[in-house]
Each structure stands twice: as C-alpha cells, then as structure tokens.
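FYI, it's all coordinate maths here, none of it is from the lab. What you see is a predicted model; the values in this text were computed from it and never measured. A quick note on method: Cβ atoms are made from the backbone with ideal geometry, for glycine too, and the neighbour counts reach across all protein chains shown.
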Amino acid sequence: MLQIKTLDIVKGNEHIQTIVEMIRDHRKNAENVTAKILKKAGNKVKPLNVDITVARIAGQQKPRNKPPAENPGDFWKRSLIILYLDLIIGSLQVRFSTDKSPAFALTHFYLDNMKHVSLEE
C-alpha cells in the first residue's frame, strides 16, 4: 500500500496510524499473540524433536537480563514479543510523526487553502 505512486501523504499517514493501532492491540493482547506464535513455532520444530523452552540460565554472567517466568510462554512474551512490539511502535511513531514534520504540516496548509481557491485564481 505504501509503495503506490499515487498515494498522498495524508492517506499514507492514516495507513501508518492504522498499523500502529493494530500493533498496539497486539501489545495489549501479548498473551494471545505469544501463544499463537509459540503454537506455530512448535508445529514447525515438532518433526525435529525440539521443544520450546526457556533460554538457558546464565551461571556466572550476573548482569544478564532474565525476566521472571513460570513457563516458556511467559519467558518469550516478556523477553522477546513485548520488547519487539514496543520497538516497532516506537520506530513507526518517530519515523512517521505528523507533529514534527514540516512537510506534513505544509501539506495540510496547502490542501486547506486550495479548497477555497477557484480555477481563475
């Protein structure tokens, strides 16, 4: 959608905001998202006789970040899924922020003024 040549800035921004809201919804439902991902991953690795487990616990490396988790689903949700979704949301907000973009503000100014201009002007 964002690669269409005729897409204007306003519609592109609306599309990005829709994507951000969708990812925020996934972030709010991280438990369900993680369960779906782990189920698909489990189906892929089943023929290889591999179990999805918590990453190994560091012995001597004390500064390692290990979120507390009761099961592999909680571990992967806290250490990967939530962090990744937060990263995507933050990146999209910074990259496509409408309040910081002079070009976007000028587009609104131009479009608003062009509504009141006739062809003779």
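In this label model, ILE37 and ALA55 are separated by 1.2 nm, measuring between points 7 Å along each Cα→Cβ vector. Sorting the segments 16-26, 35-45 by their residues' average number of neighbouring beta-carbon atoms within 10 angstrom, most packed first, yields 16-26, 35-45.
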